[in-house]
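**Q** Attaching a single structure in structure tokens format; questions to follow.
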Amino acid sequence: MSPLGDLFARLRPLESVARWAVHRSVYALALLPILTDWLDTGHWPEHPRELATELVLGVLIFFGVHMLHRRAEFYRTAAETDALTGLKNRRRFRLDLGAAVTQAHASKESLVLALVDLDHFKQINDTQGHAVGDEVLQQVSDALARSVREGQDGCYRLGGDEFGVLLRNVSESQAYEILRRGFARVEAARRPNTALSCSVGLASLAPDEQ
């Protein structure tokens, strides 16, 4: 990685902090009516009616900004979420993978990337219909999401019947066991006569490799 690329990779974990600071600073616009009056007259509102009017305008601005902020967060989350399974999508996976590698290097901790591909999934769609296929994808997604540590690991639907799992500070054997438990849940809940297996590829970054 080039020095510039390494710099951007190190700054990427600060993206959410910067976004939070920018979004919250916009709420200061609620003070605009009173500040404008002070800049024009050199003093704060003297009459209760003027003060009340400016406070009402400030509250309206505050709630307007809040609604815009929530809508922006909704669209941002939707752009990074797979609609069928509720997992994070490929776009978010690429961002999180870069941040996870940078964090693993900085903290000298291990990182395991698991790529999961369902075997013969097209056959399920062809013989039992896409509704059953969608249900299988949802079951697999739910099992993977419940198997990892919330707030520390990440599950992603990369497209079709392909999934990605980021596991922090675990060995490859521990990562395999986590995935095995996840698919045990799928086997327990699967439909009769619906055979399901998967292929798993693991890539790890060990502390002594950094």
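**Q** So what are the stretch 56-136's ellipsoid semi-axes, whole angstrom, largest first, if each one is the square root of 5 times an eigenvalue of the alpha-carbon gyration tensor? Spell out each step's value before the answer.
**A** Working: eigenvalues 265, 135, 9 Å².
In descending order, the three semi-axes are 36, 26, 7 Å.
**Q** May I ask you to order 69-79, 84-94 by the average number of other C-beta atoms within 10 Å around their residues, highest value first?
**A** Going by the mean number of other Cβ atoms within 10 Å, highest first, we get 84-94, 69-79.
**Q** If I take every Cα pair under 8 Å that is 6 or more residues apart in the stretch 31-154, average their sequence separation and divide by the length, what percent do I get for the relative contact order? Present the calculation step by step, with values, prior to reporting the outcome.
**A** Values: 50 pairs, mean separation 18.4, N = 124.
The value is 15 percent.
**Q** Can you tell me the alpha carbon radius of gyration of the stretch 116-173 divided by the globular rule-of-thumb value 2.2 N^0.38 Å?
**A** My calculation over the Cα atoms of the stretch 116-173 gives 1.27.
**Q** Going highest first, how would you order 145-152, 96-103 by mean Cβ packing within 10 Å?
**A** On the way: 145-152: 13.5, 96-103: 17.6.
Descending mean neighbour count gives 96-103, 145-152.
**Q** Moving on. Quickly rank 51-57, 161-167 as a protection proxy: mean count of other C-beta atoms within 10 Å, highest first.
**A** The most tightly packed comes first, giving 161-167, 51-57.
The numbers here are math on the coordinates, done by the rules we state, and not lab data. No experiment lies behind these values; they were computed from the predicted model shown. Every residue, glycine as well, gets a Cβ built from its backbone with ideal geometry; the counts of neighbours run over all protein chains shown.
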